[in-house]
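Please read the structure below before turning to the comments.
Each reported figure results from applying straightforward, stated rules to the coordinates on display, with no laboratory input. The structure displayed is predicted, hence computed values, not measured ones. Here the Cβ is made from the backbone with ideal geometry for all residues, glycine too, and neighbour counts use every protein chain on show.
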Amino acid sequence: MQRLGMRSIIASSVLMALFSTNLLAAETLGWIEKIEIQPWGVEAKAKLDTGALTSSMHAEDIERFEKGGEEWVRFSVDFEDTETGEQVSEQIERPLLRDFTAVGAGGRDKRSVVVMTICVGDKLYEEQFSLRDRDNMIYPILLGRRTIQHLGPVDVTKTFLTEAQCDADTELVKFNPDEDDPDIGVD
């Protein structure tokens, strides 16, 4: 009987060690992180917001147009690069992925959603972002649950736990709308 109890304790200890190792293997992020917007390598602060489903990026002068028979979106981004302190402005064109209606305390807000590439830690991620003028927000980028599910665990008591370190050889996690976790909610 005592021998069986000892085996259970050992088996439980081994399982706990394996479980802990797997949790630690994924890089933990803070609720605020510095990320890079690709392909420019502009570093910006991003808030990891588990209350938001879709990520959002600061954009101005948003206009839709047709290109090659498809709907596209042209917009400007204007960020302060947190690494250099320089103001970086870019005009970007991306295919329209979908439309998104945000509902909040301020009412309803229809937004365009595009796929952008960001560097978080040592990986590149193609993720969907709704475009919105975030000039009056503290953080120009908000990472929602659809993005966070690819990044790993978030420690809501800490900030800046990782550093964006991507180059030409960095692994790219490609956007695939069929891989989103259905349990994180729907728009």
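Scan the range 97-146 for residues that are of a type in the set (Gly, Ala, Ser) and within 14 Å of Glu60 (Cα to Cα) and report the count.
Taking the range 97-146 first, the residues of a type in the set (Gly, Ala, Ser) are 102, 104-107, 112, 121, 130, 144.
Restricting the remaining residues to those that are within 14 Å of Glu60 (Cα to Cα) gives 112, 130.
Number satisfying all stated conditions: 2.
Somewhere in the range 78-89, is a residue farther than 16 Å from Val42 by Cα and either within 13 Å of the chain's Cα centre (by Cα) or in contact (Cβ under 8 Å) with a residue 12 or more places away in the chain (or both)?
No - not one qualifying residue is present in the range 78-89.
Could you please find all residues in the range 160-181 being among the β-branched types (Val, Ile, Thr) and either without any contact (Cβ under 8 Å) to a residue 12 or more places away in the chain or in a loop (DSSP other than H, G, I, E, B) (or both)? Step through it out loud before you land on a result.
First, pick out the residues of the range 160-181 that are among the β-branched types (Val, Ile, Thr): 162, 170, 173.
Correct list: Thr162, Thr170.
Taking the conditions exactly as written (crowded, with 17+ Cβ neighbours inside 10 Å, in contact with a helix residue (DSSP H, G or I) (Cβ under 9 Å, 6 or more places away or on another chain), farther than 17 Å from Pro39 by Cα and of a type outside the set (Asp, Glu)), does Val113 satisfy them or not?
Numbers: crowded, with 17+ Cβ neighbours inside 10 Å: yes; in contact with a helix residue (DSSP H, G or I) (Cβ under 9 Å, 6 or more places away or on another chain): no; farther than 17 Å from Pro39 by Cα: yes; of a type outside the set (Asp, Glu): yes.
No: the conditions fail for Val113.
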Restricting the range 116-152 to residues that are more than 12 Å from the chain's Cα centre (by Cα) and of a type outside the set (Asp, Glu), the residue that is surrounded by the fewest Cβ atoms within 10 Å (Cβ to Cβ)
Asn136
Elements of type strands (runs of 3 or more DSSP E) in the range 57-150, at least 1 residues being within 23 Å of Leu172 (Cβ to Cβ)
70-80, 87-95, 98-104, 107-120, 123-132, 141-143
Are there any pairs, at least 6 apart or on different chains, whose C-beta atoms fall under 7 Å, with the first in the range 45-65 and farther than 20 Å from Glu80 by Cβ and the second small (Gly, Ala, Ser) and surrounded by fewer than 21 Cβ atoms within 10 Å (Cβ to Cβ), and if so, which?
Leu53/Gly185
